[in-house]
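Asker: Let me begin by handing over the structure; questions about it come next.
The values are calculated or read from the model by the stated rules, or taken from the named source; none is laboratory data. Here the structure is a predicted model, which means the values were calculated and not measured. All Cβ positions, glycine included, derive from the backbone under ideal geometry; neighbour counts span all protein chains shown.
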Amino acid sequence: MSREFSKIKESLASWSDIRQLLRGGEQGQLVPVVIPKDRRGFAWMALVFIAVYFAGMAALGNLVVPASLGAVFFLAVALVWMWRRAIIEIEEGTTGVRSRWGAITGTLPPGRHYLWLPWDRVDAVVDTSTEIPYSAPIVACPTAENVPLKSIEFFLKFRIVDPVAFVRTIGAGNFDLVLSSAVQDAIRQRSRKVNTERAYDLRGSDVGDMQDALNRQLGRYGVRITGANIPDVQLPDQYQQHLATREKVAKELSAYEREWELTRKRRIDTLLMEIERSKKTRDARVVEVKAAHNTARKDVARMLEEQETEAQRVRWEIEARGRAELTSAENEAKALRRLAASYRDNRAVLQYELARRRLDVGAKLAENAPQPLVVRTQQGSGDSALSTLLLAQLLPRFSGHHNGETPGS
């Protein structure tokens, strides 16, 4: 890392060296402003005096033609010399600061210009298009804990936007001092806000606020900061050793954390696999339960349907039997009603038929009626044993004959 500030200076050079100084600098120093040497002079006046002398000879002497030619020749040479010396060429990307009698009157854009009057001149040629890099390594910057950092390298780019204000107000040499002091102050203010252990965070950090502050300070000089950053920060040697130890511990801790993270992930993956396996088993069982449930529902539905069919059949049989019995009862009632009607209509016939049936029944009863048997005994004497025996033998015969049997059967 560079240990020196970039140096800014202005140089005095001829017109032919201006381009090289503005683009490449001088001895490692930045040269944004070059003061050109005025190559114009009054030597051409001698040629004018010689032309006037030859003109006087042509007017007063005898050699009119040679003297006139000499006067014209020297006058033409003087005019060409004055024309060549009046040409000013400003390089592309630069701006010339024009002055008259030492007072700045304006600027000259890139291109060819003519300064005919000897009191008009170009005081400076300023590079207004290039973003000039500037490096500033700040040593011993204290942090918030008042620990001096070994160095902080600050890099910025600036561009001269107002060459008249830059040349008239400060100049390149003085601007180098102002810029270096402003950068040091900004870097030290920034380092004061940072803890030592976080000093490396300054690398590549956002320095937009520092850039804005520098633009406010340097804007009156016609300079604008176009970019800035902190490329490198170096801690003290002792603190670097301490930090190296902390980094080693941090690396070991990080390695342990990574190992633990891998172990944890493996365990989590195993648990997830077990969970997925359990989920699959559960899903299979759920499918089986659902299938059994559906089968049971189908069986119950079929049984209910069979029972409902059987109940419907029984109901239809009962209804059919009831309808048949009802129809039979109705038919019997109708027959009875018709019989009653016929009985009412044929009552006399019925009474006659009834009387005839009674006679038939009586005749049958009379035919089958038992005949009385009278056994006479002596008057005034009781039953004897002989009569009782005879009566017992005769009674079965009479009863059998009465029932239609023959006495010999």
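Asker: Are there any pairs with C-beta distances below 7 angstrom linking a residue in the stretch 272-288 that is exposed (fewer than 10 other Cβ atoms within 10 Å of the Cβ) to a residue that is at pLDDT below 85, with the two at least 6 apart or on different chains, and if so which?
Answerer: Note: no pairs meet the criteria.
Asker: Of the conditions (1) modelled with pLDDT of 85 or more; (2) assigned by TED's automatic domain parsing to the domain that holds Asn146, Ile268 clears all except one; give me its number.
Answerer: (2)
Asker: OK, next. Does Leu354 meet the test of being free of Cβ contacts under 8 Å to residues at least 60 places away in the same chain and under 60 Å from the mean Cα position of the chain (by Cα)?
Answerer: When the stated conditions are applied, Leu354 does not pass them.
Asker: Sticking with this one: Across the stretch 107-124, which residue is farthest from the chain's Cα centre (by Cα) among those that are assigned to a strand (DSSP E or B) and closer than 16 Å to Val161 by Cβ?
Answerer: Per the criteria, the residue is Ala124.
Asker: Return the pair list, or none, for Cβ contacts closer than 7 Å from residues in the stretch 12-30 that are buried (at least 16 other Cβ atoms within 10 Å of the Cβ) to residues that are of a type in the set (Asp, Glu), at least 6 apart or on different chains.
Answerer: Cβ pairs passing all conditions: Ile18/Glu91; Arg19/Glu91; Leu22/Asp127.
Asker: Only one residue in Leu243, Leu177, Leu262, Leu218 is of a type outside the set (Phe, Trp, Tyr) and modelled with pLDDT under 85, so which one is that?
Answerer: Leu243
Asker: Might you check whether a residue that is touching a Gly at 6+ places or on another chain (Cβ under 9 Å), assigned to a strand (DSSP E or B) and not small (Gly, Ala, Ser) occurs anywhere in the stretch 139-150? Spell out how you get there, then give the answer.
Answerer: Step one: of the stretch 139-150, the residues touching a Gly at 6+ places or on another chain (Cβ under 9 Å) are none.
No: zero hits.
Rundown of residues vs (1) in the same structural domain as Leu21 (by TED's automatic domain parsing); (2) at pLDDT below 80, yes/no style:
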site	(1), (2)
Glu89	yes, yes
Gly96	yes, no
Ile104	yes, yes
Arg112	yes, yes
Val122	yes, yes
Pro148	no, yes
Phe154	no, no
Lys157	no, no
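Asker: A further question follows. Examine the stretch 250-259 for a residue that is modelled with pLDDT under 80, assigned to a helix (DSSP H, G or I), of a type outside the set (Ser, Thr, Tyr) and surrounded by 10 or more Cβ atoms within 10 Å (Cβ to Cβ), and state whether such a residue exists.
Answerer: yes
Asker: Just one of the numbered conditions (1) closer than 30 Å to Gln234 by Cβ; (2) buried (at least 16 other Cβ atoms within 10 Å of the Cβ); (3) polar (S, T, N, Q) is not true of Asn146; which one?
Answerer: In the conditions (1) closer than 30 Å to Gln234 by Cβ; (2) buried (at least 16 other Cβ atoms within 10 Å of the Cβ); (3) polar (S, T, N, Q), Asn146 misses (2) alone.
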